[in-house]
Structures are given as structure tokens and as C-alpha cells.
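Asks: Below you will find the structure I want to go over with you.
What follows is calculated from the coordinates using simple rules that are stated; it is not laboratory data. Here the structure is a predicted model, which means the values were calculated and not measured. When we count neighbours, we look across all protein chains shown, and the Cβ atoms used for this are built from the backbone with ideal geometry, even at glycine.
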Amino acid sequence: MRPLTPEERAALLTIARQALEQHLLGRSLEGLPQIPASLTEPGAAFVTLRSEGSLRGCVGSVDATKALSDTVAYCAVAAAASDPRFSPVSPAEFFLLTIEVSVLSPLEPLEGVARLIPGTHGVCVTAGQHRGILLPQVASEQGWDRETFLDFACRKAYLAPDAWRHGATLHFFTAEVFGEAEAPGAPEP
């Protein structure tokens, strides 16, 4: 995964913000900004929404099945409308939100948990129909060590915390994480 250019990062943040705005206004996602051709390549991403510093929604995909730009637009809307941990974002909250995008590398099998570096790697735990994903920055934000990170990934998958020790499948990935410095604030009258 090559690093994104500043222009590509800015374009993805603009796409996320405009998709979110269109959704909150009840409009289709047509007419989103022109994007660099590089962002039409398939890509996996998560979009995290925060309101005044607190988590307000986070949804993503580890599967690179759509254009990265489309993935980001879809995930921005899903983070606002479909994260089961939160009520849907209201139009009144739009100007309080900051957006963070995490562009993911492909998943790699984690053979030996010692390879997992909290804060550098994200993790995907699967067992049967259960899957839990934690982004790399979660371990840093929470101050978790490797074992705690894996325990919480299992909990997110609705598995026993130690399922990673007892046959759950583990994959890891990296992410390029960037976001808006602050919420845009209400528009001038």
C-alpha cells in the first residue's frame, strides 16, 4: 500500500464530508467532487465520526471490493446512520462532527501473535459467523498491550475474550489514518 498524497487525503475527507451532508439532507450521493483517478482503485477503509471529541460512529470495510472513494462515501454515511452503538446522527450535529479516515492495507494472516504491534497493526478476529475488527489507533488511544487488544477484538466479535488463544482466526493490517483537525462549525449567516 503506497502512502496517499496530501491531495488524495484531502479528496477523501471532502468525499466523506459531502456524502455525510447529502445523507443528512436526504439527498442521493450523486454529484460528489471530482476525484483523482488513483482513488477509483479498489480500497478498504473505515470512517470514524467524533462529536466534540467523543466517538459518534465508526464503520468500515476490510474488503477492497469497491473504489476507495466509494468505500469512504459509503462508510461515512453508514457511520452516521448504521453504527449499532449509537443513535443516528441528526442534521443538527453535522457541524459538530470531525471525520477521520483510515485506509487499510490488505489483511494478512497473523501467524504468531508476537508479530502484532499494538498501535501499528489493526486486527481482525473471526470464528464461524463472528468477526471483530479493531483499527491500529484503538490500542494507542486506550493504552492497551497486545493481549488486551486481542481480548477486546474478540469481545467485539461477540466471542470469549480469550478466543484468540483457542482457535479463532487472526489477521492483521496497517492503516493510513488522517482526519479533519476540527469540526467545520456552523456556516456563516
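Asks: Which of I117, A139, A168 sits farthest toward the positive end of the charge dipole of segment 108-173, with +1 on the Cβ of Lys and Arg and -1 on the Cβ of Asp and Glu?
Replies: A168
Asks: Still on this structure, I have one more. Report the relative contact order of the chain, percent, no decimals, based on alpha-carbon pairs under 8 angstrom and at least 6 residues apart. Don't jump to the answer; show the numbers that get you there.
Replies: Working: 356 pairs, mean separation 39.4, N = 189.
Relative contact order comes out at 21 percent.
Asks: Among (1) 31, 26, 18; (2) 29, 20, 19; (3) 29, 18, 15, find the value of semi-axes √(5λ) of the Cα gyration tensor in Å that was calculated from the structure presented, and write down its label.
Replies: Working out semi-axes √(5λ) of the Cα gyration tensor in Å from the coordinates points to (3).
Asks: Additional query: Take V47, V77 and order them by how many other Cβ atoms sit within 10 Å, fewest up front.
Replies: Working: V47 29, V77 21.
Ordered by Cβ neighbours within 10 Å, fewest first: V77, V47.
Asks: Within a 10 angstrom radius of the beta carbon, how do S90, S38, S28 rank from fewest other beta carbons to most? It would help to have the intermediate numbers written out before the result.
Replies: Details: S90 10, S38 15, S28 7.
Starting with the residue having the fewest Cβ neighbours, the order is S28, S90, S38.
Asks: Related question: Show me the GluC sites (Glu not before Pro) within segment 9-74 that DSSP assigns to loop and that have at most 13 other Cβ atoms within 10 Å of their Cβ. Walk me through the numbers on the way to the answer.
Replies: Numbers: sites: E21, E30, E52; in loops: E30, E52.
Listed in order of number, the matching sites are E30, E52.
Asks: Arrange the following residues from fewest to most other Cβ atoms within 10 Å of their Cβ: R17, R27, R155, R56.
Replies: On the way: R17 18, R27 10, R155 15, R56 21.
Arranged by neighbour count, lowest to highest, R17, R27, R155, R56 become R27, R155, R17, R56.
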